[in-house]
Structure formats: C-alpha cells, structure tokens
Amino acid sequence: MTAAKILIYDTTLRDGTQGEQINFTAEEKLRIAQRLDESGFHYIEGGWPGSNPKDMRFFDLAKAKSFKHARMAAFGSTRRPHIKPADCPNLQALLAAATPVVTIFGKSWDLHVHEVLQISLEENLAMVGDSVAFLKSRGKEVIFDAEHFFDGYKHNASCALQVLDRAVTAGAAMIVLCDTNGGTMPHEITEIVSHVATLIPPQRLGIHAHNDGGVAVANSLAAAQTGVRMIQGTVNGFGERCGNANLITIICNLQLKMGKQCLTEAQLKQLSNLAHYVSDVANIPPVPYSPFVGRSAFAHKGGVHVSAVAKNASAYEHIRPELVGNQQRVLVSDLAGKSNITYKAREMGIDLGADVLISGKIVNAIKKMEDEGYQFDAAEGSLSLLIKKATGEFRDPFVLESFQVINSKTDDRPSQCQATVKISVGAEEELTAAEGNGPINALDHALRKALRRFYPRIVEMHLVDFKVRIIEGSEGTAAKVRVLLDSRDDHDFWSTIGVSANVIDASWHALVDSFQYKLSKDKLDQHSSTKRSSKTVQ
Ligand SMILES: [Zn+2]
C-alpha cells in the first residue's frame, strides 16, 4: 500500500502578503492561484475576506475560475466573543467568499486567551467549537489552525489540547498545529506532534511553521516524519518577519529525500519556474542561493569542482537539478581553471577541442580583467563574446567612431539627455542622435537607431535592468565603476558588464556588449535555420 499523499496547503496569497514589501493586486493573486493549481498544490488560501475589500474582490474573481487540482480556502478568525456564530460578521464574510474550504484560527495558548482576548478559557473553547460546527453545517470543509499551539502546549498542555479536542469534536476536517512565533526547535516539534498524534489521528493533523528560528522547513519536515498529513507554507518562504516555511524546499525534500509523495514528477519539474514566477509578480529579486531552485543552487565555480562535476555530477550535487526544473551552471571567474572555460564554450556551442593554448589565453584574459574589476560570473553575455572573440568566431558587427552625451537641466524640470553616436558598418557610416531620461537611456536609443538600418532585428531587444557599483580603488589607484546590464528579447535573457573610472564609459561598454551579444546570437539562429532549411530541401 502506498502512503497517502502529503497535502500541500499554500498561504502565499494570505500569510505571504504579510511579509514586508509583498503586495499583490486581486488580479495578480488570481494569476498566482492559477499557477499554484497547475503546479498541483492541493489547497490555496486566497485571503482573509473579512479583513479587506481586495481579498473579497479576489474571491469574486476566483468564483468564475475552475481549478483542476487545488481547493480554494478563505481564511478568518473564530466568532467574536459572546455572540452567536450566525451574527458574527467574520463568519458571514467567510461564507460570502463562497469557497469549498474555510480555514479558521483560534487561540490555543492561554496567555492569549487571558491577556489578549481577555475572556475565560470556557468562552474560548465555545468560540472554537461553535464556529467550526456552524461552518460545517453550511457545507464547508473546515480546517482549524491552532494559533500558537506549540507555545501554548509548553505553557499549559492540557489547555492547548482541549482546544484541539473541541475543534475535532465540532467536525474540523484538519487540525493544523501552528508555530506562530516561529521559535520552536525541530526536536520539540517531533516530541509534541508525536504526543498529539496519540490523541488525534495524524491523518487529520497539519503543521504551519514560521521561520523566526531559521528552522521552519526543518520543523515542517519533522512534523511530516511523525505522520502529519498537511503542510502549510508559502512559495519562497514569503511571510511576516522572517517568513513562513518555504513550500518549495519542503516539497523537494519530502519527495526527493524522504520518499513522501506530494506532486507528480512533471509538476516537480515546474517548481523552479513557479518560484521565479512568484518572485517576479511580487517584484522581489529571486534569491540566487535558494535550495533546489535558486540560480546558484547547482552553480560551480572552483576549478577542482568543475572538473569533478564534468566527470560525474554527483561529486558536488546532492540531486539532479533537472528533477526540479533547474540546471547545472559553471561560473567563470579568476578561481576558474581551463575546465570551466572548456565547459562554458561547449555550452555556447563552441568546441575548443584540445586547443589548450586558446583556453589558457582565455583564462589569462579573464584573470587580468577580473583584477581590473570585471566579474564574469554575473555577466555571461560578455563572457560568451570574450570566448568567441578569442576563437576568432566573432567579428565586431560595427565600429564606434565617436559618441557624445549632453545632459541639460533647466529650472526644476527633470534633466534631459541627448546622445550622438557615429558608427561604421563595413564601408558605410551612420550618425544618429537621440534623447533619453538619462545618459544610458539616450545612448541606448541613439545606438539602436544607428544599427536598425543594418540589423533590423535589433528592435526585438530591450534593456531590463541596470546596476552600478563602485569598486574601491586599491592604494594609489582611483575608484572604478562596474556596470551590469540585463537585456532580453523574446527568447533569451543575458547580462553584460563594463568597468571604467567613468560611469558613462563603463555603461557604454556594457551596452555595446549587450548589442553585440544580440547580433551574434541572431547570426547563429540564422545559420541554424539556413542549415535546417537546406536539410529540408535535400
Ligand atoms: Zn502564519
């Protein structure tokens, strides 16, 4: 008999939005909900309809959608003290959300009952029991979140357990033990959950952990190991203070390390995409060192490591990155050896073969440039050009004759920039001028305009991010500026770099690399499509 699936309950759209800087519109929430559903998550907590009109609007939008895998949950508190459930506006708002599942939280720590709510323990138990029974009588699947359960258990176990018992008796489908303050340790979770599981079947138990001790994932896994069925958390661990348990890490560990099934293999492969998607919508840059799905999770930099993974990836990788939709990467830096360069070149479709001279030349060039302030592990576009230039595979598609930038400012109006660029392509020259809201923007417009006549596909690319960093000068040398540009077209994303004592000069280098990268990539596309079509003719 196979063990029952662990149920993944996502609260990114509710608890996740309590994190600093995390805000979603109702429409964004709906898009995320659809992605969570496609990823095979079992429950999606959409919001707290009693707390704000935006969440109510989300539930209105969600009503019109059908979800393939996930059951939608509305979240709220138990009834207010000393009133009937039917008269409680909180419970009425939960019903109005019209979701199949309702999750309510109640107090399970006597400190909160006495000092925060200032009511008797009996009234608290009645609030839990009445609210669960009322929602159940309206046809809802009721999930009961026992807030502060672990702290409550440590202070007054019998009081905390009575709260759970009341929710079970009233008909809650699942009882979720919450580490609301996030300070419980994994060994305590094991001990306490094991005891609770002797009183309530673990198939009806869940865990909701916060990350204040940095162990929310470990706590969730410890609870799963003792048999709980449901795990609550958020994508990327978004949430108040130090965040909630990161569901992405949890799912990967459950499935790949602990033999507990949550998603299908195909859904597991979507997790890297999902994590980045949610970061994008939240407008929070993805954390590169996120376990399993981060861009650096399978990135190798040291030469010894790279030559080892080239022989056998498991030498420095705990799982195969493809299982979670990630990929192995090799970074190139002054730590790198020739094996990194050979690997990188192969990745770019360039075979350096046995030519140790060329790879040695490239390594030396990289070391020298990194000494000047370049950093190629963050600028793979520039690195690819450097390798192609060293192998003679790339020739400059244009030559810069001159450029000029003028910045003008009048009164308190925003300053305006004008750039003039003169380039030559073969025997032809082109001189263009353009405006922009800053020097780089103006140069980008002018260079784009100049190149359009020769390379029409240049309009497909856009600059998406621009980062400037001051690199401290060593003794006797001036400080320099490092500019990193991120660009994209419909198919790819690439980063380029420029370094100089002058910010405009550094930006220009990064800009030219970005355009050259696009042009060299298009040339490759063209070649492969010509090859493809000539094959078809044959
Ligand atoms: Zn929480």
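The values are calculated or read from the model by the stated rules, or taken from the named source; none is laboratory data. What you see is a predicted model, and the numbers here were worked out from it, not measured in a lab. No Cβ is skipped: glycine too gets one built from the backbone with ideal geometry, and neighbour counts run over all protein chains shown.
Brief remarks on what is shown
- Enumeration of residues in the range 1-39 that are assigned to a helix (DSSP H, G or I), under 16 Å from the mean Cα position of the chain (by Cα) and more than 16 Å from the ligand (Cβ to nearest atom): Glu28, Lys29, Arg31, Ile32, Ala33, Arg35, Leu36
- Hey, Gly302 more than 20 Å from the chain's Cα centre (by Cα) and at pLDDT below 90 or not: yes
- Within the range 144-172, tally of residues that are in contact with a Phe, Trp or Tyr (Cβ under 6 Å, 6 or more places away or on another chain) and assigned to a loop (DSSP other than H, G, I, E, B): 2
- From Ser108, Ser137, residue being surrounded by 24 or more Cβ atoms within 10 Å (Cβ to Cβ) and among the small types (Gly, Ala, Ser): Ser108
- For Ile284: the one exception among (1) of a type outside the set (Phe, Trp, Tyr); (2) crowded, with 16+ Cβ neighbours inside 10 Å; (3) out of contact with any Ser or Thr (no Cβ under 8 Å at 6 or more places or on another chain); (4) farther than 17 Å from Glu45 by Cα: (2)
- Residues in the range 42-54 that are in contact with a helix residue (DSSP H, G or I) (Cβ under 8 Å, 6 or more places away or on another chain) and modelled with pLDDT of 90 or more were compared, and the one that is nearest to the ligand (Cβ to nearest atom) is Trp48.
- All conditions in (1) crowded, with 24+ Cβ neighbours inside 10 Å; (2) within 11 Å of the ligand (Cβ to nearest atom) hold for Arg241, with the sole exception of (1).
- In the range 244-262, the residue that is nearest to the ligand (Cβ to nearest atom) out of those that are farther than 19 Å from His318 by Cβ and either in a loop (DSSP other than H, G, I, E, B) or of a type in the set (Lys, Arg) (or both) is Ala245.
- Residues being of a type in the set (D, E, K, R) and closer than 21 Å to Arg488 by Cα - total across the range 417-444: 1
- Tabulated pairs, the range 144-165, first at positive phi, second among the polar types (S, T, N, Q) and within 16 Å of the ligand (Cβ to nearest atom), C-beta under 9 angstrom, 6+ apart or interchain: His148/Ser108; His148/Thr180; His148/Asn181
- Of all residues making up the range 173-231, the number that are part of a strand (DSSP E or B) and within 16 Å of the ligand (Cβ to nearest atom): 13
- Ser272 part of a helix (DSSP H, G or I), in contact with a Gly (Cβ under 7 Å, 6 or more places away or on another chain) and under 28 Å from Glu147 (Cα atoms): no
- Of all residues in the range 112-120, one or more are buried (at least 16 other Cβ atoms within 10 Å of the Cβ) and not hydrophobic (A, V, I, L, M, F, W, C).
- Listed by first and then second residue, the pairs with beta-carbon distance under 9 Å, at least 6 apart or on different chains, first residue in the range 234-263 and charged (D, E, K, R), second more than 13 Å from the ligand (Cβ to nearest atom) and in a loop (DSSP other than H, G, I, E, B), are Glu240/Glu20; Arg241/Glu20; Lys257/His318; Lys257/Ile319; Lys260/Ala3; Lys260/Lys5; Lys260/Ile6.
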